[in-house]
Amino acid sequence: MDLGIAGKRALVCASSKGLGRGCALALADAGVELVLNARGAEALEATAQEIRDTYGVPVTAVAADITSEEGRAQVLEQAGQIDILVNNAGGPPPGFWSDWDRADFIKALDSNMLTPIALMKALLPGMIDRGWGRVVNITSASVKSPISQLGLSNSARAGLTGYVAGTSRQVAKHGVIINNLLPGSHDTDRIRTMIQQTADRTGTSYEEAAKERDEACPTGRIGTAEDFGATCAFMCSQYVAFMVGQNILLDGGSFNSTF
Ligand code: NAP
């Protein structure tokens, strides 16, 4: 399927591994030029080179912490003109409601709310001037259905969702489309760590805990980074010109509701 975005230039944050990497690969497959980012330079360069070799698109790799002001400045300086922004960063740690103090909330808000907002503030003006842009914010299924132990994530992502709800409607008339993509369980390092924690807590094996997670999903398996990337690339395509401020849940039907 031709997504109609070949030759566009995308910044995909936190993209050396996992869901961000899945988005980067799918965009490269659509002919999009990429700016990739992660903190660890080695894995980032490996992903960048794999994409250059496989898809033949130009890739700039910027090793920096996207949640810090200096990191964002570094990424934005090397990114230049960007048509497509995929916002992503690591998620906050799990815990219990009484564990978290102000500093924990500020850190979570910085990473998962204020960082994507800062990047949108920096890049939306250029998109508006050129009359075309796409933004996909990777949030979480926890926005729709809370995951109790991820209270920091539930809170920060709800804040971003509120910001996007209003902002997306202010920029849509300029051809700039902002939506959120909400992952349910997908097979990445982060989810593998969580499966291992469940196995340790319940005294079962990793395989048993992974099987239970697969079986809890109507598809009989959790998602892959490829599933996620394909949906993200579609949300960055020419075909979403009339989809504004939506929260697209990609969870294999795990959230049980009629609509
Ligand atoms: P992952 O497999 O752990 O990959 C995270 C990627 O982000 C890596 O490339 C990592 O590289 C990079 N990264 C992390 N912190 C960064 C930072 N401060 N600056 C720049 N790059 C950073 O995680 P994932 O499963 O893809 O999850 C991505 C996001 O989706 C997270 O916010 C997570 O909470 C959310 N989510 C995931 C799932 C799931 O099932 N996988 C479900 C719901 C929500 P470096 O470590 O080298 O920086």
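The values are calculated or read from the model by the stated rules, or taken from the named source; none is laboratory data. Not measured: the values here are computed from a predicted model. For neighbour counting, all protein chains shown are included, and Cβ atoms are generated from backbone atoms with ideal geometry for every residue, glycine included. The accessibility values were calculated without ligands, DNA or RNA, using every heavy atom of the protein model including side chains. Shrake-Rupley method; radii C 1.70, N 1.55, O 1.52, S 1.80 Å.
Charges were assigned to the Cβ only: +1 to each Lys and Arg, -1 to each Asp and Glu. The resulting dipole of the chain about its Cα centre is roughly 800 debye.
If you run the Gaussian network model on the chain, springs between alpha carbon atoms under 10 Å, then out of Ile51, Ile248, Ile191 the most flexible one is Ile191. For the range 87-153, the alpha carbon positions stretch 47, 24, 15 Å along the principal axes, listed from largest to smallest.
The range 172-195 to the range 35-66: how many Å between their Cα centroids? Each part's Cα centre sits 19 Å from the other's.
Helical content alone sets the calculated 222 nm signal of the chain at -14500 deg cm²/dmol, taking -39,500 (n - 2.57) per DSSP H segment of four or more residues and averaging over every residue.
Students often check this: by mean Cβ neighbours within 10 Å, which of 73-84, 91-102, 136-147 ranks highest, and how do the rest follow?
Working: 73-84: 17.4, 91-102: 12.8, 136-147: 20.8.
Going by the mean number of other Cβ atoms within 10 Å, highest first, we get 136-147, 73-84, 91-102.
Quick note on the chain: its Rg to Rh ratio, both from C-alpha atoms and Rh being the Kirkwood radius, is 0.96. Rounded to the nearest 20 debye, the dipole size of the range 1-130 about its Cα centre is 200 debye, using +1 on the Cβ of Lys and Arg and -1 on the Cβ of Asp and Glu. Comparing Trp100, Gln170, Leu150 along the charge dipole axis of the range 88-206, the residue lying farthest to the positive side is Gln170, per the Cβ-charge model. Normalised per residue, the accessible area of the range 50-105 is 55 Å², obtained with a 1.4 Å probe and no contribution from ligands, DNA or RNA.
Once the C-beta distance of Thr204 and Ser68 is scaled by a Förster radius of 41 Å, the resulting FRET efficiency is 0.60 to the nearest 0.05.
For Cys217 and Gln49, the FRET efficiency from 1/(1 + (r/R0)^6), where r spans their Cβ atoms and R0 equals 30 Å, is about 0.35.
Given a 1.4 Å probe and heavy atoms of the protein chains only, how would you sort His174, His186, largest accessible area at the top?
Working: His174 70, His186 10 Å².
These residues rank, largest area first, as His174, His186.
Averaging the sequence gap over all C-alpha pairs within less than 8 Å and six or more residues apart, then dividing by the number of residues, gives the chain a relative contact order of 22 percent. Here the accessible area of the chain is 53 percent carbon and sulfur, with a 1.4 angstrom probe and all protein chains present.
Given contacts defined as C-alpha pairs under 8 Å and at least six residues apart, what's the relative contact order of the range 34-141, whole-number percent? Intermediate results must be reported in sequence, preceding the final value.
On the way: 110 pairs, mean separation 27.6, N = 108.
Once divided by the residue count of the range 34-141, the mean separation gives 26 percent.
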